Every structure is written in structure tokens, then in C-alpha cells.
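Step one of this worksheet: look at the structure below.
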């Protein structure tokens, strides 16, 4: 196996707030290979966005990446790099795309200038050269009439076009890794498909890896080759995408799959995972999913489950790995459902 | 854009018309006759009395007086100043450029200085420098303008005599100086009044600008800038400031009333021959037409200032430009 | 923050309802700067209230115009004496009393006018509202000092009461805008229609819902307003058209010393210091109040 492009080992990111220390990311490890698309799926609050921000050291006080965390990339540990070096990497070797294209663009500058800025910062290009490269990049993202659009301001563009601008910005320096944090959530469904196709297309052309972060299983199915499921600040399952959909192991993953509505499938009520995510200031002892899980037993309360190997390339943080027969005896969840839907 | 300017000009005209009404009301609600000093004065010429009668129409019914008043205002007639024995228009007309000079310098200086202070404060947020500067701007913000002017006057013309004690030019020497000397002379006389105003006004600007910058910093596009690998100073100067300057443009218009008031006091204390100085002297001599003239011109200045700042804002914010 | 879920609300305890005013005051007193400001302001107010007890001499007494005039600060006269041999410290103390009183009374006038004007304009709507707002703009375009000068020169020898009224008549503009905004927002609020459907009269609804929403801007406007009036009155007194001697106000003490500012420096320095202190504390408190309300 070739060396991974990015290797995260034992990442802990915490927020020191008035109500306590929130361990948003609590011991996460995974690798991303060159040219692959890794998906991270989980509901709001599971720590996936914080993980992404930690990679580029964008955590601001009161948040902090704890010592001992290692994020290895191109032979360096990103966590301990000094400021100038991490700035060299941002936008250059690793870039990021966000969910809200409108607010992510500065309203008082032309979009072309904002894309060109990347080249001026990292490649030292002059205004004209950087502008030309920016227009080229915008054309590559399928922006109609790129030259004219580049002279416009963000409020003059539609949501889909703004996202293309951000994608162009992210790919200007042909980075090794692009982190996409819910890139299509704020867009119309029809535009979503276009943007996803664009990302995959550009990936093939430029050869970058993509870290796709989303809560939408549909997006995962379409784009990722490998998937990580996060819950309560931890990785709870990791598998190749087909395997994950066909044979989910962790009860949380199972619950996610079951809660997806299917077209053509008659349902009176949507399936829902009962209960709510615990507060990150007080992760429960033992398994964090325990109270919402239909299979839990006393071991789950006593021992925090490690990541068990389930199959080739498939791991799961669930004690069912050692007592799989308990899956046949589901019980009502331990949380009292107040009638409110979870997640 | 042109349509917007035209609209604002019409609004400004309406406002000035209402101001004229207000001053008319002031004149006629006052007890006694503010013009008796002029009308009953044997030294005042007949032509002047006729002009005054035509302008104010003393014995006519009130509505007619109002019409006369407004129409003479529209013709630029502001009445007769008996303490100067010249038309108000002349007195204020020759004084106005000096006031505009002082206000202009103060405006530019205070905004430049205030923005600089705010940038320093935000880039060193939470540090001792930040707190000290905040305390200082609160201090100068709370200070009555005339008091600072008095202190500045005492300090720099008496105790540490660096600057001349008043006027716009040296009353004796100015004529004999060469061009360079004259410029220096004017600058020396301008310096202290201008610096006093700048100190007072930049406290306001610094506070607003600091708040505006702090408002802008959590925005998503600042995070995008960070993602591109820009340094914090670059982010502050290039991305944050450009957005945080927009509300400051509004401040330009809003600061005209306070700046004008401050200028009045500063002119009095430094004997700077501007409109404020003339009006303050007129208070002492109860030269009422001059005072009213000052009120009208002052409010025109403020209205124009607000117009200016609205137009600048529309130019600066691309979201409004269409 | 990206990791926070909406579910936190379900698990958090429901907060106890507290009146906005009490909440704001509590928040303010948490900040050390506000506590200091409150304390200092309290001392100044006390000095004003207890002036007859605290002032060492009668502020208008002119005991010895020949030998006791123009004395610099000394143990007998900590703030010196003026050209009529009056003790400046006593005058400054009485000046606190007068300036604060004028400030408070004038602000009460302004607040009343501002609320009334804004409420009427907002409630009436239509042409009346438009006209009222234009008139407001016109008043706003005249710098307050100028407007006061214009009015006061026409009315020489004013009583303190009249001065208070004039000051109050010129300070209500900003608040009326805010009140009008609140009334407009309420007029179009959905719950008004809902309440009407339940039978409540429009006037009753507006009154019940308007008041809580304007308490905060009123309190902020009051605090900052008093500060403005103090400075304004001082300025007018300095120009000779405010408080007339022998009554003492901070402004006219400075005016008394204005002919020889260097020789009689104590007459400029001390009243000014008190003014700055008072205005600073009022500004600190006013802004802390504003921040506390906005953070809701």
C-alpha cells in the first residue's frame, strides 16, 4: 500500500467554554490516500467539521488542538508547524470549500480578484497573470461567460455560480487535497448534482484527493470511495462505500441507513433514531451511543468500545463485533422518547 | 446613480426650507423686537432699513412676512449685521472659507488618525495597548470641546509656547513674508486649532471603526481569506477594513454637527476668523440677524455633509451601485 | 460554532424570566469598569445632593473683593478663589448640583417628547408620518448648540426653568426615531393581528407591547442624554447664554476665568475635570446598558 497523502493520528480538539470543556474531536485517526475520495458522514455536532478545520489549523480560541495530535502531510506534522508554514499550505497544498457560498465571498471585491488572490499570495503572480489564470480556472468549473462573470460581485451571481467560484479558488494551485464541507447543502437539488459532478470531474483532471464531509448519505453514495462515520467526536465505523451501504455494522450507521426515505417505498412515519446526541462537555462513559442503541447491554456501559476489525478495510466501534448474536434481540432504547424527532 | 443624487438634492432642499421656517418661527416668537437695534438706530442708513423692511416686512400680516422671508433667503439675503455694519452675507461669506478650511483639515485628519488607531487596537486585541487606547478614546470622547481647546491653548501657547496664540496669520509680520514664509505662518496658526479638533473627533472615529472591524471579523469571508493563506495583518487591511469602512462613511455625515459645534468653540478660543468666531461675537453684541444667518448656513453645511456621505456610500458599496 | 446542535436546547434548563431592566443592570454590574463608573457617578450625585452640607463656603459670598480675589489653590481654598473672591470649590460643588439637576430635568423633557412624537408618527403612518419625519430631519440638520444659540439669543435673561425647557426641546430627535421604528414594527407584527382576532383593541395591544420594547432604548437614551446636556449647558454657560452668575455652573465658572485663562488656571481646570469625570461615567454606563440590551 502506498503511503497515505494525509494521516491523522489521535486528533483531539477541545473547546474551553464557560459551561465546561467540549471535546468536539476526541481521538480520531484516519488516512487519506492520493487521488481518493474519502467521505465523512455524521449528524451536526459529531465533530466532522471541527476535524476538517483542525487539519488546516483554523481552530480559534477558546478552541485548541491538544498536544499529542498528529496530522502528517507531505512529511510534516501540521499540528506543530509554525504559522508561516501552515499559511504556505492553506490554499496551496490543501484547500477547503464551505457550505455557504454567499457569505464565504467578500461582498466588496470582484469575484475574479478573489480567485486571483490565491495565485498572488502563493505563486507571487502579478495582477494580470493571476487574473488570467483565475478566468481560466473559472472556465474549467463550467462557469458560462467566465471573463464577464469574473468582473462581477458576489451578490450578482446565483448560488451555484458562487460555489463554482469557491471551487475555482480552491483548485487554483492544484492542491493535493481538497476538503469539501457540506458543499451542496445550501444549493438547490438540481444544482447539487451539477456541483458534485464538477468536483469529481476536476478531481480526475487534476488528480487531487477529496475529503467530502456531509450529513447526506446520498452525496456519500455518489462521490466517496471510502467512508468514515463519526459520532460524538469519534470514528464509529469505516468501510469502502459499497460495503458500508450493503453491510453496515455499527447500530448508528444502521439507524442512518434506515432513516433515509426511499422513493416508491410507502411509509407512514419516517424512521428515526430516538434520543439526541449527548453534550460534548459530558460524553457518557462506555459507548457513547449506548442509550439510543437497540442492542446495548451491560458491557456497553462498562467498557468504551475500541475499533474492532470487521472485514477487510472495515472497522467498527461496537461490541457487537464480539457478541454478534445480540443483534437478534433488539430492545427498546434506554432514552425516553418525548415525541421529538432526533437529528 | 444620478437619479439618487437628484433625489437627495431635492430632499436637502426640503430640509433647508423647513429650517428656514424654524428660524422664522424663532425670530418671531422672541419677546421684544430683535431688530429694534437696527431699525431704531439713527446711524443705520435708510437703504438698509428699507432692505430690512422688504426682507422681513415688519408691519405686514404674518404669512406675508413668511413669504418675504423665504424669498429673500432664496436670493441669498441674510439680513443686516449691525455690529459689523455690513450685510450678514458679506460677514459670513468672508468668514466661511476659514471655517471650511479648519473643518476640512479636521475631518481628514480625524478620520485618518481614528482609523489608524482602530487598526492598531484590533490587531493587538485584548492587549494593554488596546485597553489603554480604548480608555484614551473614551476620555477624549467625553471631554467638552471647549475645555480641551482651553487646555490646549494654555499648554501650547503659554506654558510651552510652541504655537501662536491666535488668529489665522501673524497680524504684523505676515505681509512681509515671502511665499514660503506665509505658508508656514498659516500652517503654524492652523496647527493648534486643527489638532484640537482632530484629537476630539478621532476618538469618535476610532471607537466606531473598532466596533465595525470587530463586527466584520467573524464573517465567513474572513475565514475564506485565512484559508487562502493570507497573514493576519493582510486579512485585516485588505478584507476586513474594506468592509468595515462602509459604516464609517456614514459617520462622515453624522459627524458634521459635532464637528461644526467643536469648530465654533475652537474658533472662539483661538480667535480663528471663521463663522463660529463671528457668531460667538454676535452673541455678545446681540446681533441677532448674524446669529440667525449662522444657524441657517450651519444647517446647510450639515445637510450637504450628510448628502456627501450618502453619495460616497453609494459609490463605495458595490451592492448599491446598480 | 460548527459542533453545536439544536438539541442542546432540549437538554438545557428553562431560564427563569427576569425583567429586561433587572437583567441588564445585573449584567452591567458584572463588569469592573461599570462598577467603578457607577460608584464614581454615585459620589458625584451625592456631592450634588449634599451640596449645602459639603460646601465649605457660601458659593455666592464675596467676603473680601480686595484681598481674597484671584487666589490660587491653597489649604483654605483648595480650588482657589475667583475675581469676586468667591470660593471656587464651593462653586464647583454647587455647580455639580445645578448641572446634574439641569441635565436630569432636561432629559426627562426630551424623553417625554421623543416617545410622544415617535409614537404618534409611527401609529399615524401615511402623510402625517412622512411630514413629521421630514421636520425631524430638519431639526437634526441644525447642530444642537446652534439651535440653542439661536433660541437663547432671542430670549435674553432666561430663568433656569426656561433653560431646562429649551434644552429638553432640542434633545428628543434620536429617541423619537427609535420609538417610531418600534411602533412600526409592532403595527405589522403578526401577533397583533392574532390578538385582534381574539378581541383586543389595537390601542391596547400597542400599549402593552410597545412599552417593554422601548424601555431599553429609553434607558440608554436617558443616560447618554444627561451626559450631552451637561456638556451642552456648560458650553452655553461658557458662551454667556446659559446659567447666569451668581448661580454657579461648571460652564460659567470657566467663563468667569476665560479672560485670564493662564493666570486663573484653576478656574478652567477644576470644573472641567469634574465635567469630564461625570460625562465619562455616564458614557460608560450608557454604553454598558446598550451592550447588555443588545446581547439579548
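Each value in this text was obtained by applying a stated rule to the coordinates, not by laboratory testing. As the structure is a computational prediction, the values presented were derived from the model and not from experiment. In this analysis, Cβ positions are derived from the backbone assuming ideal geometry, glycine residues included, and neighbour counts consider all displayed protein chains.
Which whole number gives the average, over all residues in B:310-320, of C-beta atoms from other chains lying within 10 Å of the residue C-beta? Intermediate values should be presented prior to the final figure.
On the way: counts 0, 0, 0, 0, 0, 0, 1, 3, 9, 6, 1.
Going residue by residue through B:310-320 and averaging, the value is 2.
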Item checked: Two-decimal ratio, segment A:6-224, of alpha-carbon radius of gyration to 2.2 N^0.38 Å -> 1.01
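Taking the number of other C-beta atoms within 10 Å as the exposure measure, put A:15, B:139 in order starting with the fewest.
Values: A:15 23, B:139 14.
Going from least to most buried by this count: B:139, A:15.
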Margin query: Between B:248, B:162, B:15, where does the largest GNM mean-square fluctuation fall for chain B, given springs only between Cα atoms within less than 10 Å?
Written below: B:162
Next item on the list: Would you mind calculating the relative contact order of segment A:231-328 from Cα pairs under 8 angstrom and at least 6 residues apart, reporting the percent as a whole number?
Entry: 31
Margin query: Given 4 °C and 1.567 mPa s, compute D for the protein assembly as shown with the Stokes-Einstein relation, Rh being the Kirkwood radius over Cα pairs; round to the nearest whole µm²/s.
Written below: 39
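Based on the Cβ-Cβ distance of residue A:242 and residue C:211, what FRET efficiency does E = 1/(1 + (r/R0)^6) give at R0 = 60 Å, to the nearest 0.05?
Working: r = 64 Å, r/R0 = 1.07.
The computed FRET efficiency comes out at 0.40.
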Margin query: Which one, C:181, C:48, C:251, has the greatest fluctuation when you compute a Gaussian network model over chain C with C-alpha springs under 10 angstrom?
Written below: C:181
Check: How high is the FRET efficiency between residue B:13 and residue A:113 when r is their beta carbon distance and R₀ equals 35 Å, given to the nearest 0.05?
Finding: 0.30
Check: Would you list C:36, B:216 from fewest to most Cβ contacts within 10 Å?
Finding: C:36, B:216
Notebook entry, point to check: Ranked highest first by the average count of other Cβ atoms within 10 Å around their residues, in what order do C:39-47, B:116-124 fall?
Noted result: B:116-124, C:39-47
Margin query: Quick check on the exposure proxy: order C:92, B:184 from fewest to most C-beta atoms within 10 angstrom.
Written below: B:184, C:92
Next item on the list: Starting from the coordinates of the alpha-carbon atoms of chain B, obtain the Kirkwood hydrodynamic radius over all distinct pairs and give the value in Å to one decimal.
Entry: 22.5
Check: Which residue fluctuates the most in chain A, going by a Gaussian network model with Cα springs under 10 Å, if the choices are A:174, A:204, A:48?
Finding: A:204
Checklist line | Tail beyond 13 Å, pair distance distribution of segment C:122-179 (Cα, percent) | finding: 66
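Can you give the mean number of other chain Cβ atoms that lie within 10 Å of the Cβ atoms in peptide B:145-151? Please list the in-between numbers first.
Working: counts 3, 11, 14, 2, 0, 9, 5.
That average works out to 6.
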Margin query: Using only the alpha-carbon atoms, how far is helix B:46-56 inclined from the longest principal axis of chain B? Give it as 0 to 90 degrees, nearest 10.
Written below: 60
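Based on the Cβ-Cβ distance from residue A:70 to residue C:263, what FRET efficiency comes out when R0 is 56 Å, to the nearest 0.05? Show your work: numbers first, answer last.
Numbers: r = 75 Å, r/R0 = 1.34.
Computed FRET efficiency for residue A:70 and residue C:263 comes out at 0.15.
Could you work out the relative contact order of chain B, using alpha carbon pairs under 8 angstrom and six or more residues apart, expressed as a whole percent?
Numbers: 342 pairs, mean separation 84.7, N = 322.
So the answer I get is 26 percent.
Find the relative contact order for chain C and round it to a whole percent, using C-alpha pairs within less than 8 Å whose residues are 6+ positions apart. Kindly include the intermediate steps, with their values, before the conclusion.
On the way: 377 pairs, mean separation 71.5, N = 296.
Once divided by the residue count of chain C, the mean separation gives 24 percent.
What does the average come to when, for each residue of peptide C:230-243, you count the partner chain Cβ atoms lying within 10 Å of its Cβ? Walk me through the intermediate numbers first.
Values: counts 1, 7, 2, 0, 3, 8, 1, 0, 8, 8, 3, 2, 0, 0.
The per-residue average across the peptide is 3.
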Check: Roughly what angle does helix C:265-294 make with the longest principal axis of chain C, taking Cα atoms, 0 to 90 degrees, to the nearest 10?
Finding: 10
Check: Tilt of helix A:159-171 relative to the longest C-alpha principal axis of chain A, in degrees (0 to 90, nearest 10)?
Finding: 80
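222 nm [θ] for chain B, helices only, -39500 (n - 2.57) per DSSP H run of 4+, per residue, to 500? Write out the running numbers ahead of the final one.
Working: 12 runs with 232 residues, N = 322.
Only helices count here, giving -24500 deg cm²/dmol.
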Next item on the list: Could you tell me the convex hull volume per residue, in Å³, taken over the Cα atoms of segment A:231-328?
Entry: 117
Check: What is the ratio of the Cα radius of gyration of segment A:114-217 to 2.2 N^0.38 Å, where N is its residue count, to two decimals?
Finding: 1.05
Checklist line | Estimated inter-spin distance, residue A:225 and residue B:96, nm [label 7 Å along Cα→Cβ] | finding: 7.7
